[in-house]
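Notes for the one structure printed next.
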Amino acid sequence: MPTAMAAPHPIYCDTLLRELKTELRQAAFARRAGLDPALGTRVAGHVLERAAPPAGAVCALFWPLPDELDTRPLIQALHGRGHAIALPETPVRGRPLTFRRWQPGAALIAGRFGTHHPDGETLVPDWLAVPLLAFDAAGRRLGYGAGYYDRTLAALPRARAIGLAFAAQEVSEVPTGPDDVPLSTIVTENGIVRPAG
């Protein structure tokens, strides 16, 4: 008996794709407002139990923006396990992220779009925790719109990337184009989402 196949993801023209993403971003910002960033502690626990990086991996995470899930418990925990930790420096548009070594107590420099990064040496990550505004069950993610993580993940094909999000950021479908890189794992306060395939 043949198995049911998922419907193919629609292909959008560039203009419609931009419009759909803009609309979804507005809804995603509204949905995320007021969620408790402290749920990052639960997310960190799920990552460490079921999606932890391998021993010795260089781990790239991100310092949280206002209203984002608090990633600092995971940053501290991974550092405590002996991982080298790197935070992204946001370059000019059109380029991938640069990752700089973070140490506890390191001063953070204000970067583009409200981001913060240390002034440490440049590292190449083996494992990345990726921010997002929305995600779906197929692992498609909606970022902030500048494409930094898509370019970065495309340049690091052997690195493992997981998304960190509030469960409330899940939507039925994220519209994507050919340059959008899906995630194989997304971790929320409710557990792990691993898309089929």
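The values are calculated or read from the model by the stated rules, or taken from the named source; none is laboratory data. Since this is a predicted model, take the numbers as computed values, not measurements. Quick reminder, even Gly has a Cβ in these numbers, built from the backbone with ideal geometry, and neighbours come from all protein chains shown. These accessible areas exclude ligands, DNA and RNA; they are computed on the full protein's heavy atoms, side chains included. Shrake-Rupley method; radii C 1.70, N 1.55, O 1.52, S 1.80 Å.
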Between the Cα axis of helix 40-50 and the main Cα principal axis of the chain, the angle (0 to 90°, nearest 10) is 80
Expected field for W102, accessible surface area in Å² at 1.4 Å probe radius, rounded to 10, holds 10
Computed over the chain: longest principal axis from alpha-carbon atoms vs helix 14-32 long axis, angle to nearest 10 degrees, is 60
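Given Cβ point charges of +1 (Lys, Arg) and -1 (Asp, Glu) and nothing else, what value in debye, to the nearest 20, does the dipole of the range 63-197 about its Cα centre take? All intermediate terms of the calculation are to be shown ahead of the outcome.
Working: 13 positive and 14 negative charges, 82 e Å.
Roughly 400 debye for the range 63-197.
Starting from the range 40-145, pick out the GluC sites (Glu not before Pro) whose DSSP state is loop and whose Cβ has at most 16 other Cβ atoms within 10 Å.
Working: sites: E49, E68, E89, E121; in loops: E68, E121.
The qualifying sites are E121.
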extent check for the range 29-130: Cα max minus min per principal axis, descending, whole Å, gives 34, 32, 26
For the range 89-190 the translational diffusion coefficient, Stokes-Einstein from a Kirkwood Rh over Cα pairs at 37 °C and viscosity 0.692 mPa s, in µm²/s, is roughly 225
Excluding ligands, DNA and RNA, the carbon-plus-sulfur percentage of the accessible area of the chain with a 1.4 Å probe reads 55
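Once the piece of chain linking L16 and D179 is laid out straight, how much longer is it, given 0.36 nm per residue of separation minus the C-alpha distance between them? Display every interim value, and only then the final one.
Working: separation 163, 0.36 × 163 = 58.68 nm, distance 1.52 nm.
Contour length minus Cα-Cα distance gives 57.2 nm.
Taking the range 108-183, which trypsin sites (Lys or Arg not before Pro) meet the DSSP loop condition and have no more than 12 other C-beta atoms within 10 Å?
Of the trypsin sites (Lys or Arg not before Pro), the ones in loops of the range 108-183 whose Cβ has at most 12 other Cβ atoms within 10 Å are R158.
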At the level of C-alpha centres, the distance separating the range 143-196 and the range 75-99, in angstrom, is 16
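I need the per residue convex hull volume for the chain, using only the alpha carbons, in cubic angstrom as a whole number. Walk me through the numbers on the way to the answer.
Details: hull volume 26.4 nm³, N = 197.
Each residue corresponds to 134 Å³ of Cα convex hull volume.
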Highest GNM mean-square fluctuation among D67, D180, D14, for the chain with Cα springs under 10 Å, belongs to D14
Residues other than R112 with Cβ under 12 Å of its Cβ, Lys/Arg counted +1 and Asp/Glu -1, net out at +1
Result for the range 69-182: accessible area per residue, probe 1.4 angstrom, in square angstrom, of 44
Once normalised by the length of the chain, the mean sequence separation of its alpha carbon contacts under 8 Å that are 6 or more apart gives a contact order in percent of 22
